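One structure is given here, and the rest of the page talks about it.
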Amino acid sequence: MSRITNAHTHIFTGKFAPDYFFKVALPKALHNWADEIKAMLESRGIRWLVRGISRTAGKSNMQRYLNFIETGMEESQGDVFAKLRGSYTALGSDTRFIVLTLNMDYMGLQRSSHPGIEDQLKEVEELRRDYPDTVFPFVCVDPRHKQGQALVDWVAPMHQDLRFFGIKMYPALGYFPCDPRLTELYAWAEANEVPIMTHCTRMGVFYTGRLREVVPNDSAPCLGTGDPANPVDPELDAINKRLNRFMYNDFTSGKGQSKYGCNLFLNPRNFIPVLNRFPKLKLCFAHFGGDDEIMGDPKEVRTKGIDTTNFHTEIKELMKKYPNVYTDISYTLFNDKEDVYQPIRASINDPVIGGRVLFGTDYYMTLQEAPEVQLWQLCQTKLQPVLFDKIAVTNTNAYLRSKFFPDPPGTRFV
Amino acid sequence: MLDNPYLDTIICIVLVFALLSILVSLIVEWWNAKIKQRGVFLQTIVRRILRDDLNHDYGYRIYQHPTINRMRRDENSYPYYISAEAFSTALIDTIAEDAAKDRYVLAEDGKTATRVNPSMNDPLGVRFVAGVMSMNESPMKRLFLNFIDRNGGRQKGEFDVHGLKAELGRWFDDHMDRASGEYKLKLKPKLMGIGMLVAIVLNVDSIHLMKVFMLDEPLRNSTVAAAEAAAGSWSATEGLPDTVRYRAIMDTLATMPDGNTVRTGGKDTMDLTVVRRIVSADNSTAGRDAVEVLDRLNRLKLPMGWDRADAPLSWFTGPEAMAGKTNNPTEAALLQYFDERNEPGLKQCFLWIVGILITGFSLSQGAPFWFATLLKLVNIRRAGVKPKSTTNAE
């Protein structure tokens, strides 16, 4: 059996999150305490306590959360990776992992003393030195960190040297994917078939500041079509209408509502101007929109008419229209309901999009739901060997293939 | 010799504060060791020194360097001390490493990718210069460039790594000198908190102590004798580390006779059985030293500690009049004061709280301050009045 590839894992630790990170979880009244809460959670005593409780027997929600927190508080990314790898090697699986880095340096505008993205990448590179044939990292980009050609100049050598194998994006942290500052990056990625992975579910971390700080105008920053005769992409109008619904609705634009406001950045339709300009871009919408979107759960932003999109349906439409649009079932796979797995199986069997559904787990975020071993075994059971092999071997190899890395299944790193 | 009961009372109070301050310092150090406070503080300072928002968090990275990482006792602690040598070695290696990035090169058959790192063979100085040159423009980069220029320049082969190492070491030591002052400042609130705790747990009411020293001459005299001995030890050990000086004082006090008090049926101030049991379980040096301090205080027969017959517990258990039980007029005056204090009342309660607060605040000043003050007061006492000539007396 060929090696499987887990296309969606994280190993960054809490040290790479800004001091104010817990604003994402705290009510507005406690935002000023976010720094203190993070410092407290990182203190030796609390770590010792969390470790002690999470290792006691039982499967309560509290223990799963503590297990998740404990992993996030690990000393280094190597420690988190050791746990991840252990979940597979224990069952004799020689799995490869796409490790997605995350740049949280701009998730708010306050000062923070955390080690930045450069240090996170450095640590991942060192890990790759130890596991060259197992760790396949993606570099996280943010147009507020580097832009235009400078961004390409930063990213390109990492790929040429086979240190990194793709690009990670997380628009919910406060930028539009159609931001013109990313145009050169998309052009380079399309030309070199470099894969991009973008977060695409309404859950997860988000930009913690006021939306106005990152969206100063009532028009979204959007790259052009490249056609001097018709420079504005027709989708921009729809994006702007959605933007205005978000910005002028108390529910989403009010203080402390950035959690909802960040749905604005996440919408897969924000990628349409990008895909219109770069139709062969290899782009993966993670999580297949989320299990809640697959089941069509009522969402407040939808019921209030602010954002009527169903991410799951939208992703499928984009996959049908653009030949290199992928999706993965990471995190979503934890939900063992047939309402979730039946549409996933149908998509994998679909002759048009079936070759572009990927296996991934979203470790260690999924520790909130179940241990890693349990999740990938659940996925294998639900999909049966043929479909599982298709998404975990064939599809992931096709996704990883680029001009820099032409033969993912055949190449061995030594 | 100036024989003034007011001065003697102050000397007695200062000795109590000094001894209790040692106890507070020991508790703070023990607690800091438990929570690895010193290591965490050092890490914060190192990261602050090397913070460079435009490049890497070099402080974070040098803690990953084997030289420093291997100093950690476990994954939950950071080293308490980093030598200038270790710091500069780790920093030079870390920056040099930035110039030597790994590359994976595909073989002709496309099946094998091998790691190569040609810069790894360059001399350390060359790699360090290349690492600095690869940094984004930032104040830290300019600082490193200046270090390089002062040690032979940026040309290949001219660069003196040992000179740079020494200079980085001096730079680190300068910061550490300032950091130790900052550490003491950071400890201040903790000293205050522990000081208050000690004042409450041992029931050390400064106002009560002062009144008892004024009324109880034998107790005052025996405590002044102990204070003089302690001041003598402090003076004799000048220039030595504080811990050595504290040890000398404890040894001196161990040779002194027990305190003397006018109260009959005197008993130990505190029952140390439980404390001894806790300390033997913890088995730390700080714990054993703390018990020794408490033992010395016990032997001074000081009016502190908790007793059902004394305020404030007597306010709840019902005071028992003691003044009428003695024929000794000096003891009667003292017991009269105790009777008044043991009666519940707003005034007594207020005075007790103020007394405890004064003690707590005083203990946060630290033992060196109180021993220096004690030495000055003892010198004043010794120099006050010339002893009368024995021949004239005859």
- Message: Out of all DSSP beta bridges in the protein assembly as shown, what portion is antiparallel? Express it as a percent rounded to 5.
- Response: 15
- Message: Given the options A:ALA156, A:PRO323, A:ASN249, identify the residue whose Cα lies farthest towards the positive end of the charge dipole of chain A (+1 on Cβ of Lys, Arg; -1 on Cβ of Asp, Glu).
- Response: A:ASN249
- Separation of alpha-carbon centers, segment B:87-140 and segment A:181-228, rounded to whole Å: 32
- Student exercise, chain B dipole from Lys, Arg, Asp, Glu Cβ charges, in Debye to nearest 20: 360
- Three principal axis extents, largest first, for the C-alpha atoms of segment A:182-308, in Å? 40, 32, 24
- Dividing the helical contributions, -39500 (n - 2.57) per DSSP H run of n ≥ 4, by the residues of chain B yields a 222 nm value, nearest 500 deg cm²/dmol, of -21000 deg cm²/dmol
- Query: At each listed q (0.07, 0.11, 0.13 Å⁻¹), what is the log10 of I(q)/I(0) that the Debye formula gives for segment A:5-400 modelled as equal alpha-carbon point scatterers?
  - Reply: -0.30, -0.79, -1.15
- Note on the structure: Loop-resident trypsin sites (Lys or Arg not before Pro) in segment A:97-160 with no more than 16 other Cβ atoms inside 10 Å, DSSP not H/G/I/E/B, are A:ARG111, A:ARG144
- Note on the structure: With the dipole of segment B:37-177 defined by +1 on each Lys or Arg Cβ and -1 on each Asp or Glu Cβ, the option from B:ASN121, B:ALA90, B:MET140 whose Cα lies farthest towards the positive pole is B:ALA90
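Please compute the Kirkwood hydrodynamic radius of the protein assembly as shown from all pairs of different C-alpha atoms, in Å with one decimal.
For the protein assembly as shown, the Kirkwood estimate is 31.7 Å.
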- Task: Work out the mean other chain Cβ neighbour count within 10 Å for the residues of B:99-111 and drop it here as an integer.
- Result: 4
- Note on the structure: Once the dipole of chain B is set up from charges on Cβ (+1 Lys and Arg, -1 Asp and Glu), the residue from the list B:MET214, B:ILE13, B:VAL28 lying farthest towards its positive end is B:VAL28
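For segment B:37-177, rounded, prolate or oblate, judged on the Cα gyration tensor with a ≥ b ≥ c (square roots of eigenvalues), a/c < 1.5 rounded, else prolate if a/b > b/c? Mind showing how you got there, number by number?
On the way: a/c = 2.12, a/b = 1.32, b/c = 1.61.
Cα axes put segment B:37-177 in the oblate bin.
Using a 10 Å cut-off around each Cβ of peptide B:112-118, what is the average number of partner chain Cβ atoms that fall inside?
Numbers: counts 5, 9, 4, 8, 1, 1, 0.
Per-residue shielding by partner chains comes out at 4.
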- Message: Under a Cβ-only charge scheme (Lys and Arg +1, Asp and Glu -1), can you give me the dipole magnitude of the protein assembly as shown about the Cα centre, in debye to the nearest 20?
- Response: 280
- Amide proton proximity set for A:CYS284, modelled H, under 5 Å, gap of 5+: A:ILE196, A:MET197, A:THR198, A:TYR326
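Within segment B:142-251, which GluC sites (Glu not before Pro) sit in a loop by DSSP and count at most 12 neighbouring Cβ atoms inside 10 Å?
In loop regions of segment B:142-251 (DSSP not H, G, I, E or B), the sparsely surrounded GluC sites (Glu not before Pro) are B:GLU158, B:GLU238.
Can you compute the charge dipole magnitude of segment B:149-245 about its Cα centre, using +1 on each Lys and Arg Cβ and -1 on each Asp and Glu Cβ, nothing else charged? Give it in debye, rounded to the nearest 20.
The dipole of segment B:149-245 has a size of about 360 debye.
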- Item | Cα Rg, Dmax, segment A:1-127, angstrom units | 16.2, 54
- segment B:1-62 to segment A:327-366: how many Å between their Cα centroids? 57
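Starting from segment B:282-378, pick out the GluC sites (Glu not before Pro) whose DSSP state is loop and whose Cβ has at most 10 other Cβ atoms within 10 Å.
Values: sites: B:GLU292, B:GLU320, B:GLU331, B:GLU340; in loops: B:GLU320.
Sites meeting the loop and neighbour criteria: none at all.
What are the membrane-span-like helices in chain B by this rule: whole DSSP H runs, Cα extent along the axis at least 30 Å, mean Kyte-Doolittle hydropathy at least -1.0? Mind showing how you got there, number by number?
On the way: long enough: B:5-34 (43 Å, 1.65); B:161-201 (56 Å, -0.02).
Flagged H segments are B:5-34, B:161-201.
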- Quotient of C-alpha Rg and 2.2 N^0.38 Å, computed over chain B: 1.44
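Among B:TYR246, A:TYR170, rank each residue by its count of other Cβ atoms within 10 Å, from fewest to most, as a rough exposure measure.
Working: B:TYR246 25, A:TYR170 28.
Exposure proxy ranking, most exposed first: B:TYR246, A:TYR170.
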- Query: Using alpha-carbon positions, what is the distance between the centroids of segment B:190-260 and segment A:107-154, in Å?
  - Reply: 58
- Query: In this model, which of A:LYS28/A:LYS320; A:LYS23/A:LYS321; A:LYS259/B:LYS101; A:LYS241/A:LYS282; A:LYS316/B:LYS101; A:LYS15/A:LYS320 are farther than 32 Å apart at the alpha-carbon?
  - Reply: A:LYS28/A:LYS320; A:LYS23/A:LYS321; A:LYS259/B:LYS101; A:LYS316/B:LYS101; A:LYS15/A:LYS320
- May I ask what percent, to the nearest 5, of DSSP beta bridges between residues of chain A are antiparallel? 0
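Bear in mind these aren't lab numbers, they're just calculated from the coordinates by the rules spelled out. Since we're looking at a predicted model, the values are computed, not measured. Using ideal geometry, Cβ is built from the backbone for each residue, glycine included, and neighbour counts are taken over all protein chains shown.
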